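Below is one structure, written out as C-alpha cells; the observations come after it.
Just so it is clear, none of the values below were taken in a lab; they were calculated from the coordinates. Remember, it's a predicted structure, so these values are computed and weren't measured experimentally. Cβ sites come from the backbone with ideal geometry, for glycine too, and all protein chains shown count toward neighbours.
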Amino acid sequence: MRPETIIEQTGDAIGPLDVQAAAGARARHARLTKPPGSLGRLEELGIRLAGITGAALPSIGRRVVIVCAADHGVTVEGVSAYPAAVTAQMIYNFVRGGAAISVLARRARARVLIADLGVNHDFPAELPIVHTKLGRGTANMAQGPAMSRPDAARAVAAGIRLAHRAARDGLPGGRRAGVRAGVARDTTLNAGAGAGPRAGRSTGCTVVGTGDMGIGNTTAASAIVAALSGAPARDVTGRGTGIDRPTWERKVAVIERALTVNRPDPVDPLDVLGKVGGYEIGAIAGVILGGAARRRPVVIDGFISGAAALLAVTLCPAVREYLIPAHASVEIGHRLVLERLKLVPLLSLDLRLGEGTGAAMAMHLLDDAVAVLRDMATFGEAGVAGPLPAAVAP
C-alpha cells in the first residue's frame, strides 16, 4: 500500500471522542467524596481518558514510549553543541538502559521501543531495536530539501505501523521496563489493519508516549513550526542542546536560509516535512496518528514531539482530541505549538532533553486520574453527606 494511502486511511479511522463514556466519568466524579471539581485538571484528565478509550471507567495497563531516531544533514552547519555521532551512541545507551528515558520509563512501568528511522550508522542486526532505516540521515536543508516528499510520507507511514503494532500486539521480545535494557525488538513491521474503535479491545499497549533522538532535530523542529505557523524563525528557535549565543544566531540564520531556499507550503504538511523536517519527526507524527486511530491516549513529549503533533493535526485535525501534552519545554517554539494546538501541559519542569522523558513522567498522572475514578468511594458508598444543594455553585 502506498504510504500516502496509509496516512489517508489512518486519518479517516480517527473518530470523535466517546461522548457517553466521558459523560459517565463526569457523572461519577460528581458523586465521589470531594467537592465538585476539587481535583482540578486531574478530573479533566480522567474524563478525557474516558472519552478516548470509550470506557467510563478507563484503565491504564501496558504502556510504551516509542523513541524515534534519525540523523540530520543540517548539523554540518554547526547548529548543535554535540557531534552528529552522538545519535548512534545514544541508541546504544538506550539499549543498555543507561539513558534518562530508560530510568524514567522503568519508574513509570513503561516499555521503551527504540526505532531507527534514519541514523547514519550501521547497527548490528541483533541489536534489540526496530530496524526500519529509511535513509542515513536527511540532506542539509540549508542547501535544499531535507528529503523527498515520498520519503516524508514513508516516515509518517512507518510511525503509523509502529503505533499499530504496539497497540495491537504489544511489544515483542518480552522485555519489561524493569529490565535495564528497557527496549523491545521488532524487525517485521507491516501495515496495521482494522484501525478503528474496536481496536481498544486488543491486548497490546493501552497508552502510547512519544520520544525522539537525533542531533540537530531542534533545528528541523523549529523550521517545521516556523513553516506551519508563519512565525519568524528566531521566535521559535531555542538553545537545543545548550548552545551559546553565537551558535544560536547561526542556527536561526540556517533555519531562515532553509525556509527561503525550500519555500515549504504551510498548508501541505508532507511538503513541510520533506523540505525542512526529519525522518524521526515524520515517524512521531505517524505514531500520533496511529495511536489515535487505535483509540489510545497519545502522551506527547516536548518540542520535537510538539512539532510532530502540529504536523499530525494539520494532516488530520481530529487527532488533537487524543493528545495528552506531557510538559512545557523551555524551548520557546514549544510554547507556540501548545498555543496553536490549544493544549495545556500537565507538567512544567523546565525540561529540554527529549527522548520521551516528559511523557514517561506524565504517565504517573494518567495512573492517578484513573485511580481516582475507579477507586474513590461515592458519598453513598462511604456514608458521607453530600453537598447542600443551595451551597453548590451552578
Point to revise | At 1.567 mPa s and 4 °C, Stokes diffusion of region 61-358 via Kirkwood alpha-carbon radius, µm² per second | key: 71 µm²/s
Review point. Which semi-axis lengths, in whole Å and largest first, follow from the square roots of five times the eigenvalues of the Cα gyration tensor of region 63-111?
Key: 26, 11, 9
Exercise for review: Show me 274-284, 233-243, 69-79 ranked by packing, highest mean number of other Cβ atoms within 10 Å first.
Suggested key: 274-284, 69-79, 233-243
Review point. Can you put PHE94, PHE123 in order, fewest other beta carbons within 10 Å first?
Key: PHE123, PHE94
**Study point:** Inter-site label distance for HIS364 and VAL261 at 7 Å from Cα along Cβ, in nm
**Key:** 4.4 nm
Check your understanding: Is any residue of region 251-272 close enough, with backbone N under 18 Å, to a label point placed 7 angstrom from the Cα of ARG234 along the Cα-Cβ axis, and if so, which?
Key -> 251-260
Review point. R0 = 51 Å: FRET efficiency of GLN9 with ASP244, Cβ-based, nearest 0.05?
Key: 0.65
Review point. Straight-line reach from LYS133: which lysines have a Cα under 29 Å away, not including same-chain ones fewer than 8 places off?
Key: LYS251, LYS275
Point to revise | Charge dipole magnitude, Cβ of K and R +1, D and E -1 - region 61-358, Cα centre, debye nearest 20 | key: 1160 debye
Review point. Given H placed 1.01 Å from N in the peptide plane, which residues other than close sequence neighbours of VAL299 have an amide H under 5 Å from its amide H?
Key: VAL208, GLY209, THR210, ILE324
Practice item. Fewest Cβ neighbours within 10 Å first, please rank CYS316, CYS205 accordingly. Key: CYS316, CYS205
Exercise for review: State whether region 324-391 is rounded, prolate or oblate according to the following rule on the C-alpha gyration tensor (a ≥ b ≥ c being the square roots of its eigenvalues): a/c under 1.5 gives rounded; otherwise a/b larger than b/c gives prolate, and the remaining case gives oblate.
Suggested key: prolate
Practice item. Run the quick spin-label model on ARG107 and GLU381: label points 7 Å from Cα toward the beta carbon, then report their separation in nm to one decimal. Key: 3.0 nm
Point to revise | Rg/Rh (Cα only; Kirkwood hydrodynamic radius) as it applies to region 1-132 | key: 1.12
Point to revise | Contour excess over end-to-end distance, with Cα ends at ARG374 and ARG31 and 0.36 nm allotted per residue | key: 122.3 nm
Practice item. Please state, rounded to one decimal and in Å, the Kirkwood hydrodynamic radius that region 236-307 gives when every pair of distinct Cα atoms enters the mean of 1/r. Key: 14.0 Å
Check your understanding: Simple spin-label model, 7 Å along Cα-to-Cβ: SER38 to GLU126 in nm?
Key -> 5.9 nm
**Study point:** Kirkwood Rh and Cα Rg combined as Rg over Rh, evaluated for region 238-390
**Key:** 1.12
Exercise for review: Quote the convex hull volume per residue of region 94-160, based on C-alpha atoms, as a whole number of Å³.
Suggested key: 117 Å³
Review point. What FRET efficiency, computed as 1/(1 + (r/R0)^6) with R0 = 51 Å and r the Cβ-Cβ distance, is obtained for ARG96 and MET1, rounded to the nearest 0.05?
Key: 0.90
Study note, to complete from the structure: region 61-358: relative contact order from alpha carbon pairs under 8 Å, six or more residues apart, as a whole percent, is 25 percent
